[in-house]
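Data first, discussion second: the structure below is written as structure tokens.
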Amino acid sequence: MGPEKTISINGAGIAGLTLALALAKFGFRVVIAEQHHEISEFGAGMQISPNARRVLTELGLDDAITAHSFEPEGIDIYRHGKSDPISHVKLGQFAKQRYQGTPYAVMHRADLAQQLYKATKAFPNIEILFGVTKTRVEDLGDAVSVMIEREGKPSYPLTARAQIGADGVRSVTRTESLSGQRPQYSGYVAWRAMADLEQLGNLLPKDRTSLFWGTDYHMVVYPLPQRDQFNVVLVTEFALPLEDSDTPEISNKSLRKNSKLSAIMESISDPWTAWPLFSVKTETWHKGNVAILGDAAHAMLPFQAQGAAMSIEDAGLMATILASETDNATAFGKWQNLRHARATKVQDQSQKNGFVFHMSPPLSWGRDAVVAGKSAEAHLERLDWIYAHDPFEGMVGPNPPEE
Ligand SMILES: Cc1cc2nc3c(=O)[nH]c(=O)nc-3n(C[C@H](O)[C@H](O)[C@H](O)COP(=O)(O)OP(=O)(O)OC[C@H]3O[C@@H](n4cnc5c(N)ncnc54)[C@H](O)[C@@H]3O)c2cc1C
């Protein structure tokens, strides 16, 4: 296949793998350069909302996701110091019906990554190079010249139609090829842990997600019954920027005063891992024959559980547009026009959630009254703009009808 039908991708995370699959379905040759030596996803859960699921279904992954995921009945919302929920968000069958049969699910990140990876194996036109130490990119005007350097292996030269950075929040494609900025530290740290489902005992219902709002923290707990485990994410505030190498301690006193949360935390025997949260806001998603997507373009706080979902949406649409527009400037321009406002709106919503989830009295009293006054259905309907979205924007996606 010639350079005009070849796409080079940096990063085999969720965005990179989804993009590769979608492009391969459109007949492109795809080469992915991944720094790790294998597909590696951190051991934690993630929520896959209907908008992301639509893309995964289009890529033929519906059965695989169903087999590895769980559809929670809803989300119970607790406020600090109370052991009964103040409100409920309806998911389960209600969400499925509302979004034309597309469910709201939770799954282990590694399972999603593995299912995407497994799907790429069915395509001889996808090649994944592991152990990449450096990708040198030169924009030739009508194509890109790429040199992929690997640990202990000869360098891999490539001429491609475009170079796509799916290399995450610390994207070198953004900082080097697009002269973009470094990510901004948010002031929050997410602590993640998993434990055996039976250790949860009767502390929480096992058919749903539980969300706890505290004064300067929040916690999300959901079951992953396919793995007999449950997933916990605790978010606390840390004023100072943290680097990956720092290992802060969970020192939140108000959290410890909540007996239910203390019991949940005590039920976890594995160590917590700390994830300082960074975000990226940039107008420059492409230049010449180079573009970025996913966290590289718009890393966001995970408080609306949409970072990966936006990456998946990005990828499905980018492949669809690259397949229909032969000129990269036109294709990337069209893609950014369709994606930027939406990703920014979701970023802003995630940021706002951080403020709302961590409110202290008296503001939290007003918040609680408003939230408790809404029906379980209304809580979901409010988010239709995220979940009911057509990720292909009316275009024919990568799953063309059978001939
Ligand atoms: C606590 C927490 C909870 C979350 N929960 C959810 C959720 O429930 N739902 C949801 O939708 N999202 C969630 N997210 C967000 C989600 O994890 C990210 O948005 C998503 O993983 C981004 O995917 P990506 O492929 O763009 O980037 P990444 O997953 O970071 O992948 C980037 C890939 O590029 C590789 N790479 C990086 N640099 C290079 C290089 N120079 N050369 C080669 N390879 C490179 C990396 O090794 C990696 O494989 C959560 C995030 C956090 C922190």
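Things worth noting here:
- Here the range 268-403 is assigned +1 on the Cβ of each Lys and Arg and -1 on the Cβ of each Asp and Glu. Its dipole about the Cα centre then comes out at about 640 debye.
- Overall form of the chain per C-alpha gyration tensor (a/c, 1.5; a/b vs b/c): prolate
- Projecting the Cα atoms of Met300, Asn258, Ala343 onto the charge dipole of the chain (Cβ charges, centred on the Cα centre) puts Asn258 farthest toward the positive pole.
- Using 0.36 nm per residue and subtracting the Cα-Cα separation, the extra length available between Asp390 and Asn337 on full extension is 17.6 nm.
- Eligible aspartates and glutamates near Lys206 by straight Cα distance, threshold 13 Å, same-chain separation 8 or greater: Glu71, Glu73, Asp76, Asp196, Glu198, Asp228
- Hits among lysines - C-alpha to C-alpha of Lys257 under 23 Å, sequence gap 8 or more where chains match: Lys82
- Charge dipole (Cα centre; +1 on Lys/Arg Cβ, -1 on Asp/Glu Cβ; no other charges) of the range 140-184 amounts to roughly 120 debye.
- Total lysine pairs in the range 276-403 at Cα distances under 30 Å, for residues eight or more apart or on different chains: 9.
- Most fluctuating residue given options Asn337, Asn289, Asn51, as computed from a GNM of the chain linking Cα atoms under 10 Å: Asn337
- Beta bridge orientation in the chain: antiparallel %, DSSP, nearest 5: 70 percent
- The stretch between Arg382 and Glu4, if pulled fully straight at 0.36 nm per residue, gains 131.8 nm over its current Cα-Cα span.
- Length gained when the stretch His37-Asp327 is fully extended (0.36 nm per residue, less Cα-Cα span): 101.0 nm
- Value of [θ]222 nm, deg cm²/dmol, for the chain, DSSP H segments ≥ 4, -39500 (n - 2.57) each, nearest 500: -9500 deg cm²/dmol
- Applying both filters, DSSP loop and at most 12 other Cβ atoms within 10 Å, to the trypsin sites (Lys or Arg not before Pro) of the range 293-396 gives Arg382.
- Overall form of the range 1-48 per C-alpha gyration tensor (a/c, 1.5; a/b vs b/c): oblate
- Taking every full run of DSSP H in the chain, the ones that stretch at least 15 Å from end to end by Cα along their long axis and average 0.0 or higher on the Kyte-Doolittle scale are 14-25, 307-324.
- Here the range 12-142 is treated with +1 on each Lys and Arg Cβ and -1 on each Asp and Glu Cβ, and its dipole about the Cα centre works out to around 280 debye.
Quick note: the coordinates plus some simple rules give every number you see, no bench work behind them. Remember, predicted model here, so these are calculated numbers, not experimental data. Heads up, the Cβs are rebuilt from the backbone with ideal geometry, glycines too, and the neighbour counts pull from every protein chain shown.
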